[in-house]
Amino acid sequence: MNSLDIVARRSGGLLLSLLLIFIAGVNFSFIFSVNKIATEAGVPFFAYVFWYTFGAGAVLFVIAAIRRELPRVDFIHLRAYGVAAALGIAFPFALLAFVAPKLPSGVAVLLVILTPAFTYLFSLLARLERIHFMSISGLVLGVAGVLFIV
């Protein structure tokens, strides 16, 4: 069984998985333009980041409630959620919102597309991950897609 089989079984179909990845990519690409427009219009970046992340969290909470998979709410989990939210979303997004008016959109996109490549490289160097054809293919296709657009 390869990774495509696992994805197809878990999501109910490979087509649905590919559609969701496409939708996520389109939505993610709008972040840079909307971010630049909002900051140039004078929207305070902390308020912008708060409402952006709050909205995303609310959508995820509704989906979890519908699926009856609500997250645990004890001190250890809340601490982990807070650290993950701060380091994974809030701080990087606030930093991006702060520097957006000063950077061309292409530079911001390049910073973001290099993140998975460096994460994979460092996980290989730390021997946390093995070299997988699908991982390298995904990175190459992602970079090619961004270079095609930029």
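The values are calculated or read from the model by the stated rules, or taken from the named source; none is laboratory data. The structure displayed is predicted, hence computed values, not measured ones. Note that each Cβ is placed from the backbone with ideal geometry, even for glycine, and that neighbours are counted across all protein chains shown.
General remarks:
- Cβ-Cβ under 7 Å pairs, at least 6 apart or on other chains, the range 42-68 side outside the structural domain of Ile31 (by TED's automatic domain parsing), far side small (Gly, Ala, Ser) and assigned to a helix (DSSP H, G or I): none
- Ala65 under 27 Å from Trp51 (Cβ atoms), loosely packed, with under 12 Cβ neighbours inside 10 Å and not acidic (Asp, Glu): yes
- Test set (1) modelled with pLDDT of 80 or more; (2) surrounded by 13 or more Cβ atoms within 10 Å (Cβ to Cβ) - Met134 fails condition number: (2)
- Candidate set: the range 4-20, residues that are loosely packed, with under 12 Cβ neighbours inside 10 Å and modelled with pLDDT of 75 or more; chosen: the one farthest from Leu111 (Cα to Cα): Leu15
- Flag if Phe45 is among the aromatic types (Phe, Trp, Tyr), surrounded by 11 or more Cβ atoms within 10 Å (Cβ to Cβ), modelled with pLDDT under 80 and under 15 Å from the mean Cα position of the chain (by Cα): no
- Residue match in the range 74-95 (condition: within 30 Å of Ile37 (Cα to Cα), of a type in the set (Ser, Thr, Tyr) and in the same structural domain as Thr53 (by TED's automatic domain parsing)): yes
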